[in-house]
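K.L.:
This is the structure I have questions about; it appears just below.
The values are calculated or read from the model by the stated rules, or taken from the named source; none is laboratory data. Keep in mind that what you see is a predicted model, and the values were worked out from it rather than measured. No Cβ is skipped: glycine too gets one built from the backbone with ideal geometry, and neighbour counts run over all protein chains shown. When the accessible area is computed, the model is the full protein with side chains, heavy atoms only, and any ligands, DNA or RNA have been set aside. Shrake-Rupley method; radii C 1.70, N 1.55, O 1.52, S 1.80 Å.
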Amino acid sequence: MNIDLNAMSQVATISSSITALIAVFFIIFQIKSSNKNNKMVTAHTTYNGYLKLCFDNPYYAKGINEKSDNVDVRYEQYKWFVSSMLFSFEEILAVYPNDKRWFFALESQLERHRNFLKNSSSVKRGEWSKPLTSLLEKITR
């Protein structure tokens, strides 16, 4: 039996290269998948934190329809509630910028605070991300 060691060496080298290439693609896939999962967990955790804030502050969660002077402590707290809400929504939209289900969920929450948002200086100045700003513009028209 005549075995060509040079040919076998070349086959082994090619096999090793293909195996390494497959491993690299698998690692890249795993990293991307892990990053996507981490972002999803962050968005869901953020929304859960917002829901806890609502549970702990039902007075603010339903929205305040009457404008109060800035001396009112409850109104001051409400402004911070809304700021926290907007920050949470901005974080969620960073992960899901084109997800209609999230847009609908966030829009329904923003609707409760429409009167406040119409007068919000940060909303008027466009200080929020593009996805959130477009949602805010829709709400405050």
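K.L.:
Quick one: count up the residues across the range 111-120 that are open to solvent by 40 Å² or more (accessible area, probe 1.4 Å) and not in a loop (DSSP other than H, G, I, E, B).
P.N.:
Residues flagged as open to solvent by 40 Å² or more (accessible area, probe 1.4 Å) and not in a loop (DSSP other than H, G, I, E, B) within the range 111-120 amount to 5.
K.L.:
Return the only residue of K52, K39 being over 21 Å from E137 (Cα atoms), open to solvent by 70 Å² or more (accessible area, probe 1.4 Å) and in contact with a helix residue (DSSP H, G or I) (Cβ under 6 Å, 6 or more places away or on another chain).
P.N.:
Of the residues listed, the single one that is over 21 Å from E137 (Cα atoms), open to solvent by 70 Å² or more (accessible area, probe 1.4 Å) and in contact with a helix residue (DSSP H, G or I) (Cβ under 6 Å, 6 or more places away or on another chain) is K39.
K.L.:
When the range 29-52 is examined, which residues are found to be at pLDDT 75 or above and aliphatic (A, V, I, L, M)?
P.N.:
Hits for the range 29-52 are M40, V41, A43, L51.
K.L.:
Restricting to the range 72-107, what's the tally of residues that are within 21 Å of N35 (Cβ to Cβ) and hydroxyl-bearing (S, T, Y)?
P.N.:
2
K.L.:
Tally up the residues in the range 33-60 that are touching an Asp or Glu at 6+ places or on another chain (Cβ under 9 Å) and among the hydrophobic types (A, V, I, L, M, F, W, C), please.
P.N.:
Count: 1.
K.L.:
Further question: What pairs come out if I take residues in the range 71-92 that are under 20 Å from M40 (Cβ atoms) and open to solvent by 40 Å² or more (accessible area, probe 1.4 Å) and pair them with residues that are among the hydroxyl-bearing types (S, T, Y) and part of a helix (DSSP H, G or I) whose C-beta lies under 6 Å away, six or more apart or interchain?
P.N.:
That search, which allows pairs on different chains as well, returns E91/T46.
Each row is one residue, and each column tells you yes or no for (1) under 14 Å from the mean Cα position of the chain (by Cα); (2) not in a loop (DSSP other than H, G, I, E, B).
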{"site": "F103", "(1), (2)": "yes, yes"}
{"site": "Q109", "(1), (2)": "no, yes"}
{"site": "S122", "(1), (2)": "no, yes"}
{"site": "W128", "(1), (2)": "yes, no"}
{"site": "I139", "(1), (2)": "no, yes"}
